[in-house]
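For reference, the structure discussed in these notes is given below.
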Amino acid sequence: MDSAVYFTGTGRRRETRKQPQGLCYCPTIVGSKHSIYDPLVHRRAAKILLTALILSSCSFAPAFAQNRESDEEIVTSLTGGRVILHFAKDAILFAAIDQPVEQGAVPPRLLDLDSQHVAILFGASEWRSPADPRPIRMDRDFHRVSGVDHRNNAYNGEADPDLEIMGTAFLEKLRPLVAQLRHKIDFPSDQPIFEMVVIGYGPESYGPEAWTVEFRITQQLLTTRDDFWQTRVLRPRFTQIYPPEKHAPKTLVEAAFPADAKDPTLQTLLEGNDPRFSSFRSDAKMGKALDLIIKGQAQKVEPKDATEILRAAIPLLYPKQHFFIGKMEDQRGFDWVLPPEEPVEKVDKDDKNRPPEAPSLRKRPNN
């Protein structure tokens, strides 16, 4: 798994793997740097050569103090939540609901990947070190994927270069952070420590698509005396969650972190005529949209009606949770429907990889 990118799903398939069931998460994941200096070695050397002792005592003392001063912890909390996707007519509507798995965890955040894709971040999306008051956020300092020429790369169901480039970029951001986890972590190796839900449009007129991108970790014991573990992050695993198999019904799609969340999906509740949505039938357009969703023809719903359903349904299902709603269109890109309550950081205008026409995550929805 550490030497290749794995793809599962229907469209861009390389290798099909069984989707993991259940995620065992720990409260707060903490790692620390350790010094593996052994003073006994120097004491034995001192008995052999007095001069070496004098020289080492002059040079080693400040070096050891520097190691102690640089010794620091890195802490991360897991962002939990759920994404509801409606691939409607000529638009993708999506909502992200904050469902914390632990106190103090940051909410799901949205990142603008390129002109055709956005990502919602879960898991270890923010890291903190006592030495730096500014948190390390996975949605910061991301260089947008650009310069991929699809004209010379016919789309044949294999992995598209933009996905591999994006996955590698996040892998490089995670590596130095995960490497600082030096204690044994009670975390399943087959479950992701960081996950993204990528939403957008594929190349070569492929159409709307959605993926989960999972990053797992592995640990190896280096020294038993100091309980010193080496932690590495593996290459990402991509799983396509939309479009469905050919001729399969096109319904609402959901992804959750942790993956073992037991809440019923919105699609299941609508098909079961949940009484909370009975008032939707009083509106002719919403009633028609509900019928299309239940029949597995969600792609025929008008974007305006899909938006109204999400805006009305989510507060009924998750009355105490924060959420945001966004929209993707093939030609117009991303726009907010309902922005998050958490302030969105200002986009770096000096980013050379960001074209002038790229959408801003601070852009407010049009009334």
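Structure data summary
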item: Failed item, numbered, when E214 is tested on (1) open to solvent by 10 Å² or more (accessible area, probe 1.4 Å); (2) assigned to a strand (DSSP E or B); result: (1)
item: Total residues in region 255-304, condition open to solvent by 40 Å² or more (accessible area, probe 1.4 Å) and at positive phi; result: 1
item: Filtered residues of region 212-254 (kept if at positive phi and touching a residue at least 12 places away in the same chain (Cβ under 8 Å)); result: D227
item: Single residue of I120, I92, I97, I84 found to be under 13 Å from the mean Cα position of the chain (by Cα) and of a type in the set (A, V, I, L, M, F, W, C); result: I120
item: Any chance D98 is modelled with pLDDT of 95 or more, within 23 Å of H322 (Cβ to Cβ) and open to solvent by 10 Å² or more (accessible area, probe 1.4 Å); result: yes
item: Failed item in (1) open to solvent by 50 Å² or more (accessible area, probe 1.4 Å); (2) in a helix (DSSP H, G or I); (3) more than 24 Å from G123 (Cα to Cα), with T307 passing the rest; result: (1)
item: Leading residue by the ranking (nearest to I84 (Cα to Cα)) among those in region 227-249 that are open to solvent by 30 Å² or more (accessible area, probe 1.4 Å) and hydrophobic (A, V, I, L, M, F, W, C); result: I241
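The values are calculated or read from the model by the stated rules, or taken from the named source; none is laboratory data. Here the structure is a predicted model, which is why all the values come from computation and not from measurement. In this analysis, Cβ positions are derived from the backbone assuming ideal geometry, glycine residues included, and neighbour counts consider all displayed protein chains. What goes into the accessible areas is simple: the full protein's heavy atoms, side chains included, and nothing from ligands, DNA or RNA. Shrake-Rupley method; radii C 1.70, N 1.55, O 1.52, S 1.80 Å.
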